[in-house]
Amino acid sequence: MGFLVRKRGFLAPLLLALLLVQRLSAVVSALNYTSYRQVSSMRLERIQRHLDKINKPPVMTIESPDGDIIDCVHKRKQPALDHPLLRNHKIQRDPPERPRVKMLKEDDKTKKSNVEEGVIRGSWQMWHRNGTRCPKGTVPIRRSTAHDVLRSKSLFDFGKKQAPISLARRKDAPDVVSANGHEHAIAYTGSSQEVYGAKATINVWDPSIQVVNEFSLSQIWVLSGSFDGSDLNSIEAGWQVSPELYGDSRPRLFTYWTSDSYQATGCYNLLCSGFVQTNSRVAIGAAISPVSSYTGNQYDISILIWKDPKLGNWWMGFGDNTLVGYWPAELFTHLANHATMVEWGGEVVNSRANGEHTSTQMGSGNFAEDGFGKASYFRNLEIVDSDNSLTAVQSISTLAENINCYNIKSSYSNEWGTHFYYGGPGSNPLCP
């Protein structure tokens, strides 16, 4: 299936009104989910008003073979700049100062380049397989639909992580809150150091999800603030499978941010104002392809998050030196200065829909001890220090709430540096 490219035209106000009515009617008639059948016209109108705010007028539209609609939006019209704190924000034109990489030994350099070559060649995004790109001066934004909003609990909850119910945990533990049904298998740094970024290469799989409102993700967290209060700052990026958010079971590149412990600020991807996109080739929220297979080919993506020492914005890099965009420093309180902790690993939602532990998989769906080609991994864990240098992580702590459901095992090698395998199947005889 190829790509369909359309230029944007101009419609008269009357025609726009007619199209809106048709769109709302189509939504009502096309919905198949029982919980969607009673949707009032007033609610649909509210949803459409919200969609009109986040779906900016495109210069060009690209239809992906997986069904996504990618809108090429002028970079100065993107949702980020609607944020009250960014009204006077000027998009950073000068490229950030990239973290310096320490030189590798020749033998290690050869090994590392071979691994990265496979990643660049194999794992990218589906929407531009035939080379179609958004024009210069625009950014690709995955279009949201009324179906996307209706799958969420409410319009307010659309594109947001669930706020924690309980923040009780060890003082030195990372941002792990299992009381709201979230379970983790993660590695993390100590909480006493100043951190200015983090990097890892993440194995990509397509874990199965039991019910629509559960998800499975693998990501980096860059954190600062109070873990037992309401001022936690978090910047996050990785891949996730979320039927509720995207309407399918494909692994997708995602970002997230919050400055108040997931209460009111922040969101996934570009579903609210905040993250400033600068790249015309990477669509946040778009599917990653291909994915790894059991004992078969393995695919991974590299993600780097770091604070630009000149302007203070937190930048995201994807793959081999591709700048995606940045979280402006104005969005944050604690992260306006630096981070105090980094986490790497997996997270799932366990809703216990049938009174039993979910069978939603984490990573590949296999336990850490199964190793390469079977279990999912994070490799080459690095942090950015105060000198804007990437440094290999020397020691990490690991944590999993229920090792009979999902677990994690860390290790070290010359080629992969500090790395770990993680994941699991969820429900099994030892995980009821």
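Readers should treat all values here as calculations from the given coordinates under stated rules, not as data from a laboratory. This one's a predicted model, so the numbers in the text were calculated from it and none came from an experiment. Here the Cβ is made from the backbone with ideal geometry for all residues, glycine too, and neighbour counts use every protein chain on show.
Only loop residues by DSSP count here, and only those with at most 13 other Cβ atoms within 10 Å; note down the chymotrypsin sites (Phe, Trp or Tyr not before Pro) in the stretch 331-380 that meet that.
Numbers: sites: Phe332, Trp344, Phe367, Phe372, Tyr377, Phe378; in loops: Phe332, Phe367, Phe372.
Taking the stretch 331-380 and a limit of 13 other Cβ atoms within 10 Å, the loop chymotrypsin sites (Phe, Trp or Tyr not before Pro) found are Phe372.
Rounded to the nearest whole Hz, the Karplus-based 3J(HN,Hα) values (6.51 cos²θ - 1.76 cosθ + 1.60, θ = phi - 60°) of the stretch 333-348 follow the sequence 9, 5, 6, 5, 9, 6, 8, 10, 7, 10, 10, 10, x, x, 8, 9, with x at glycine and proline.
If R0 is 35 Å, what FRET efficiency do you get for Ala336 and Thr145 from their C-beta distance, rounded to 0.05? Computed FRET efficiency for Ala336 and Thr145 comes out at 0.50. Each Cα pair under 8 Å and six or more residues apart adds its separation to the average, and for the stretch 269-395 the resulting relative contact order is 18 percent.
Let me check I've understood the local charge: for His357, count other residues with C-beta under 12 angstrom from its C-beta, Lys and Arg +1, Asp and Glu -1. What total comes out? Could you put the intermediate results ahead of the total?
Numbers: positive: Arg352; negative: Glu183, Glu214, Glu356, Glu401.
Summing Lys and Arg as +1 and Asp and Glu as -1 gives -3.
When each of the peptides 58-70, 393-405 is scored by the mean number of other C-beta atoms lying within 10 Å of its residues, the order from highest to lowest reads 58-70, 393-405. Between Val101 and Asn414, the modelled label-to-label distance comes to 1.9 nm, taking each label 7 Å out from Cα in the direction of the beta carbon. Pairs exceeding 27 Å between alpha-carbon atoms, taken from Lys56/Lys160; Lys153/Lys307; Lys160/Lys199; Lys161/Lys374; Lys90/Lys307; Lys161/Lys307: Lys153/Lys307; Lys161/Lys374.
Applying 1/(1 + (r/R0)^6) with r as the Cβ-Cβ distance of Asn297 and Met42 and R0 = 51 angstrom yields a FRET efficiency of 0.55. Checking the a/c ratio against 1.5 first, then a/b against b/c, what shape does the Cα gyration tensor give for the stretch 182-303? Cα axes put the stretch 182-303 in the prolate bin. Each label was represented as a point 7 Å from its Cα along the Cα-to-Cβ direction; for Glu356 and Lys153 these points are 2.5 nm apart. Is the stretch 331-432 best put as rounded, prolate or oblate by its Cα gyration tensor, with a ≥ b ≥ c the root eigenvalues, rounded for a/c under 1.5, and otherwise prolate when a/b is larger than b/c, oblate when not? Oblate, because a/c is 1.5 or more while a/b does not exceed b/c. The overall shape of the stretch 299-346 is oblate: from the C-alpha gyration tensor, with semi-axes ordered a ≥ b ≥ c, the ratio a/c is 1.5 or greater and a/b is no larger than b/c.
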